[in-house]
1. Could you list all residues from the range A:340-370 that are under 19 Å from A:Val390 (Cβ atoms) and within 14 Å of chain B (Cβ to nearest Cβ)?
2. For the range A:30-91, give me every one of the strands (runs of 3 or more DSSP E) that falls completely inside it and has 3 or more residues that are more than 30 Å from A:Thr105 (Cα to Cα).
3. Can you confirm whether the range B:167-185 contains a residue that is within 26 Å of B:Thr139 (Cα to Cα), in contact with an Asp or Glu (Cβ under 8 Å, 6 or more places away or on another chain) and surrounded by 21 or more Cβ atoms within 10 Å (Cβ to Cβ)?
4. Need the failing condition index for B:Asp187 against (1) closer than 22 Å to B:Leu39 by Cβ; (2) within 8 Å of chain A (Cβ to nearest Cβ), just the number.
5. For the range A:278-367, which strands (runs of 3 or more DSSP E) that fit wholly inside it have 3 or more residues that are of a type in the set (A, V, I, L, M) and closer than 30 Å to B:Gln182 by Cα?
6. Given B:Ile86, B:Ile169, B:Ile96, which one is assigned to a helix (DSSP H, G or I), closer than 25 Å to A:Val374 by Cα and among the β-branched types (Val, Ile, Thr)?
7. Within the bounds of the range A:250-264, is there any residue that is within 12 Å of chain B (Cβ to nearest Cβ), open to solvent by less than 20 Å² (accessible area, probe 1.4 Å), part of a loop (DSSP other than H, G, I, E, B) and farther than 24 Å from B:Asn36 by Cβ?
8. In this structure, is A:Gly323 open to solvent by less than 10 Å² (accessible area, probe 1.4 Å), farther than 22 Å from A:Asn273 by Cβ and in the same structural domain as A:Ile269 (by TED's automatic domain parsing)?
Amino acid sequence: MKHFLSVLFLLYFLPSMAGEIRVCSSCEIKTVKQAIEMAQSGDTISIEEGIYKESDITIINKSLHIKGINYPVIDAGMNGTAFAIKAEGVTIEGLKIINIGRSHTKDYAAILLNGSQNFTLKNNILENVFFGFLIEKSDNGLIEGNRIEGEGIDQANSGNAIHLWNSNEITIKNNHVKEMRDGIYIEFGKNCKIINNVCEKNLRYGLHFMFSDSNSYIGNTFEDNGAGVAVMFSKHIEMKKNLFKKNWGPASYGLLLKEISDATLEHNIFEDNTIAVNADGTTRVEFIENDFKNNGYAIKVHGGAYTTSFTRNNFLHNSFDVGYSGRLNDNTFSGNYWTNYSGYDLDKDNIGDVAYRPVKLFSHIVNQTPEAIVLLRSLFIDIMDFSEKVSPIFTPKELIDPHPQMKRILW
Amino acid sequence: MFKILKYSFYDLSRSRWSYVYFLFYLLLGFTLLFLNNDLSGAVITMMNVIIVLVPLIGTIFGVMYYYDSKEFTELLLAQPIKRKSIFLGQYFGVAISLAASLILGLGIPFVAYGLFQSGAIWDFVILLVTGVFLTFIFTALAFNIALSNENKIKGFGFAILLWLFLAVIYDGIFLMALVHFQEYPLDKFALIATMGNPIDLSRILILLKLDISALLGYTGAVFKNFFGTSMGTILSLGMLSLWVILPVWRISAKAKKKDF
């Protein structure tokens, strides 16, 4: 009982014991560095409006809460990192960090976290940065409501907005990322949740997974990136309710799946991408109730696909619905709606009576001889596709949707 | 020559077929834009129509006009007029009236739907330019065939065959060559083979102007590098002009020596 009381006592007084240090141009403490040096673990540092020309601010083993009031500007003046942190339970919110230096050998970031558990980075604005948040070996974090903007020069001279390396259980929520190299990059990260972010105009990928298992991304928008999302060498990824839009260019695509297993894609919308889904080596991947609209290719399968299923998706006005190379294996297409389907439904059960063949002869030829694409929209190709549709000879016989829907699937 | 051109042109502008042709494009333009209010989408659909129909109509109209006005031509030949001016006058009369039907027929609906305010204007201009070139090319080829064949049926047959060859068979052979030699680098070959056929060249010129060109991938990039430069533009326009000049030159050469 005594112990319990003392614990209660401590808990009651702890918050009030934590001090608050104010930083402003007319305060006693004028620089963030000074404040951090003075502060003890558990303190709050409030930085008031103003411009602070500081770089390489380091926090070591102090659990600080750094709070900006009316977005004070931390200007790193193109030298190195703004904040470098190695401490537990750090919170940084409401700062505007600008002008992070570029380097070909060092990864300068607005905020660098290394071995810092339980962190929170909230409502910050980063502009003209090389890397935005560089998070290494730090678990259990929250990155929320930040706005990150780069200059988007070229891939070699830009960094990633949110870069996770060897970090698990991190929630990335409601961030807006623009004109960086990768919007969000995760390497060796587990159980991360990426929710409702907007990644646009990034030079490489909007979101990029490498060797990261059991993650999910839900409700994000990826627009006009070099490529929308790349998921590589990862297992158990959940992809839901995302919008992949206008990832358009000769080498661009909405979603790249490379050596992926046990993933689910549900309720995503792919619109105006050159290639909506570019799949190379997928095992046990399920596509359920997605919309593919006005894409060049809706799905391009490069081979090495096993137990990959496409069920109840809408394929609307794509130039090619499916491009397929390699064997069919045990992949299935079933119960999708295809706008190019021209069959009939005599028994009125809303399922077409004739199977649909999503691979056109021309897309089959283009897969083998890429140069043949120059004949796109030639009369000869139309005639050829039509005759192949009437009596298929060249396209894979088993690649059919046996139950094509007559009406668009509402989900 | 201009007098003959004028007569041919007036004659054709009073002909029912010119109106049918004009109304066809007018109706097509309005229907397409009515169904799908998006100008650049309509340009793509229009391209499909133009690269197939314009050559076909140019060919048939050219052959038909030549055979129909044969008696009038013979009457003219009795007059002290240069043969060259008679035939070239007739040719330009037909080609210009067809081109005018095309430009007006497509232009009116597109302008009515706000072409000048939209970004699709250059796509549309390239569409019309290639359409006009195709009209001139295929009318000239038709006159050549008609001049070389006294027999109407034979002339028509050849004309249709020529259209069929350039619109369909050529692409078939092209595709077969690509598939057969797929082990080799084919970009140059594809480029040259495209330049060799006015229909293919027009198709590529229009495609590269549209969003859809990103679909062409690596090969498309090679094409874009070529056609995107001023050198490529000049070369492709030169190629189209050559397709007009050579047949026109042969019309005058053939007309000079022909017995009537």
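1. Once the filter is applied, which keeps residues that are under 19 Å from A:Val390 (Cβ atoms) and within 14 Å of chain B (Cβ to nearest Cβ), the range A:340-370 yields A:Lys360, A:Leu361, A:Phe362, A:Ser363, A:His364, A:Ile365.
2. Working: elements: A:44-47, A:57-60, A:65-68, A:73-75, A:83-86.
Here the list reads A:44-47, A:65-68.
3. In the first step, residues of the range B:167-185 are kept if they are within 26 Å of B:Thr139 (Cα to Cα); the result is B:167-174.
Next, only the ones that are in contact with an Asp or Glu (Cβ under 8 Å, 6 or more places away or on another chain) stay: B:170-171, B:174.
The next check asks that each one be surrounded by 21 or more Cβ atoms within 10 Å (Cβ to Cβ); those that pass are B:171, B:174.
Yes, there is a match, as at least one residue in the range B:167-185 is within 26 Å of B:Thr139 (Cα to Cα), in contact with an Asp or Glu (Cβ under 8 Å, 6 or more places away or on another chain) and surrounded by 21 or more Cβ atoms within 10 Å (Cβ to Cβ).
4. That leaves (1) as the condition not met.
5. Details: elements: A:291-293, A:297-301, A:309-311, A:314-316, A:320-324, A:332-334.
Filter on the range A:278-367 gives A:297-301.
6. Details: B:Ile86 fails: closer than 25 Å to A:Val374 by Cα; B:Ile96 fails: closer than 25 Å to A:Val374 by Cα.
Testing whether each residue is assigned to a helix (DSSP H, G or I), closer than 25 Å to A:Val374 by Cα and among the β-branched types (Val, Ile, Thr) leaves just B:Ile169.
7. Just the residues of the range A:250-264 that are within 12 Å of chain B (Cβ to nearest Cβ), to begin with: A:250-253.
Those left that are additionally open to solvent by less than 20 Å² (accessible area, probe 1.4 Å): A:252.
Retained after the next criterion (residues that are part of a loop (DSSP other than H, G, I, E, B)): A:252.
Of the ones still in play, those that are also farther than 24 Å from B:Asn36 by Cβ are A:252.
Checked the range A:250-264: at least one residue is within 12 Å of chain B (Cβ to nearest Cβ), open to solvent by less than 20 Å² (accessible area, probe 1.4 Å), part of a loop (DSSP other than H, G, I, E, B) and farther than 24 Å from B:Asn36 by Cβ.
8. Details: open to solvent by less than 10 Å² (accessible area, probe 1.4 Å): yes; farther than 22 Å from A:Asn273 by Cβ: no; in the same structural domain as A:Ile269 (by TED's automatic domain parsing): yes.
Taking the combined requirement at face value, the residue does not satisfy it.
The values are calculated or read from the model by the stated rules, or taken from the named source; none is laboratory data. The structure presented is a predicted model; accordingly, all values stated were derived computationally and were not measured. Neighbour counts run over all protein chains shown; Cβ positions are idealised from the backbone, glycine included. Ligands, DNA and RNA are excluded from the accessible area calculation, which covers all protein heavy atoms including side chains. Shrake-Rupley method; radii C 1.70, N 1.55, O 1.52, S 1.80 Å.
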